[in-house]
Amino acid sequence: MLLSYGFWIFIAISTAKSDDSSQNIIEGYASEVFYFNFDMNLWTFTIASESKILDENFEMPVNKSSCVKALRQRYAENTMFLPVKIDKVFPNLVVYEFNECRIQQIMYKNMKNLRQLQLINLEANQISTIPANTFNDTPIVKYLNLDKNQLTYIDEHVFSNLKNLQSLNLQQNKITFISKFAFKYLSELRKISLGDNLLQTLENAHFRNTRKLEKIFLRNNKIHSLSPRMFNGKGSLKNVDLKNNTCINGEFCLEKTIDERTLQYPSFVYVDFPHRFKPRTDYCEFLFDEMINKILSDC
């Protein structure tokens, strides 16, 4: 079916599974949409929320369109899977967004040959695992949002091909473990959000190669062990949010919670580096020593 800009199109195709009589139904339209990340309008194919994608091998039977730069769907209870072979339909995608659907998995076949992608937003779905090769064909992605999913661990190879990634959002999952090499190749990373998970500890190696980091959000975890040397050499670091974690140094085995009631100075909860000051390699260690001293004095 031909793609008509600004007009609704209707596509219906029976599922490929022989033991399932249900149908995948796609309704959508193309229009210009403004994207703040790029400060510009992009031709966007928007899939209507009433559409259904019930087959993990579903292909969108729309004629090839090189003009479409973004694909998105929102608030779709009947979208269980991401479509495959999107590169055959929209070969020049820059933005890929499926928000607040019921997507259960993301795999390499969903991202295959989407080499121009710069933004992937899969917020508020039901994704529980990410295979190691998922992002092998998306080397220039800058923004990856997996907020509000069901992830429990992060494998060491998941992000290894995202060498241009600048912002990574893994908030509000159920993450208990992150491989110490998970961020090894993210040398361009500026912002990472790991808040509202179940993390208990992080190692120095986690952020060893992310020297351009500016913001780290770790609030609302169960962190009890964190080395101040983790932030050594991070001359670009502006703030670290550690609010509502347990004792930051497991050596003392303290059960106090780090919040405004425990610490007199909120800056020890939300470490805010002044723009005019470039931290020395020992500056973070000083701050954490002060934090630990404060906790000890309150015990």
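Express as a percent, rounded to the nearest 5, the fraction of DSSP beta bridges in the range 1-150 (both residues included) that run antiparallel. The partial results should precede the final answer.
Numbers: 15 of 34 bridges.
Here the share of antiparallel DSSP bridges comes out near 45 percent.
In this model, which of Lys163/Lys243; Lys85/Lys174; Lys163/Lys222; Lys191/Lys243; Lys52/Lys85; Lys85/Lys148 are farther than 24 Å apart at the alpha-carbon?
Details: Lys163/Lys243 29 Å; Lys85/Lys174 30 Å; Lys163/Lys222 29 Å; Lys191/Lys243 17 Å; Lys52/Lys85 17 Å; Lys85/Lys148 26 Å.
Those over the limit are Lys163/Lys243; Lys85/Lys174; Lys163/Lys222; Lys85/Lys148.
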Apply the Karplus curve 6.51 cos²θ - 1.76 cosθ + 1.60, θ = phi - 60°, to the phi angles in the range 136-142 and return the couplings in whole Hz, x for Gly and Pro. 4, 9, 10, x, 10, 4, 9
Can you pull the Rg over Rh of the range 17-93, Cα-only, Kirkwood? 1.00
Can you give me the C-alpha center-to-center distance between the range 144-170 and the range 28-64, rounded to a whole angstrom? 23 Å
Once fully extended, how much extra length lies between Asn133 and Asn113, figured as 0.36 nm per residue of separation less the alpha-carbon to alpha-carbon distance? 5.9 nm
Arrange the following residues from fewest to most other Cβ atoms within 10 Å of their Cβ: Lys215, Lys64. Lys64, Lys215
If neighbour count is taken as other Cβ atoms inside 10 Å, put Asp87, Asp39 in order from fewest to most. Asp39, Asp87
Lys52 neighbourhood, Cβ < 11 Å, K/R = +1, D/E = -1, net charge -3
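Could you tell me whether the range 1-150 comes out rounded, prolate or oblate from its Cα gyration tensor? Rule is a ≥ b ≥ c as square roots of the eigenvalues, rounded for a/c under 1.5, then prolate if a/b exceeds b/c, otherwise oblate. Each step should come with its number before you reach the end.
Numbers: a/c = 1.45, a/b = 1.07, b/c = 1.35.
It is rounded, given that a/c, with a ≥ b ≥ c, falls under 1.5.
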How much net charge surrounds Thr134 when only other residues with a Cβ under 13 Å from its Cβ are counted (Lys, Arg +1; Asp, Glu -1)? 0
Which ordering of Ile53, Ile154 is given by a fewest-first count of other beta-carbon atoms within 10 Å? Ile154, Ile53
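Bear in mind that the values in this text are calculations on the coordinates, not laboratory data. Since the structure is predicted, the reported quantities are computational estimates derived from the model, not experimental observations. Reconstructed Cβ throughout: ideal geometry from the backbone, glycine too, with neighbour counts over all protein chains shown.
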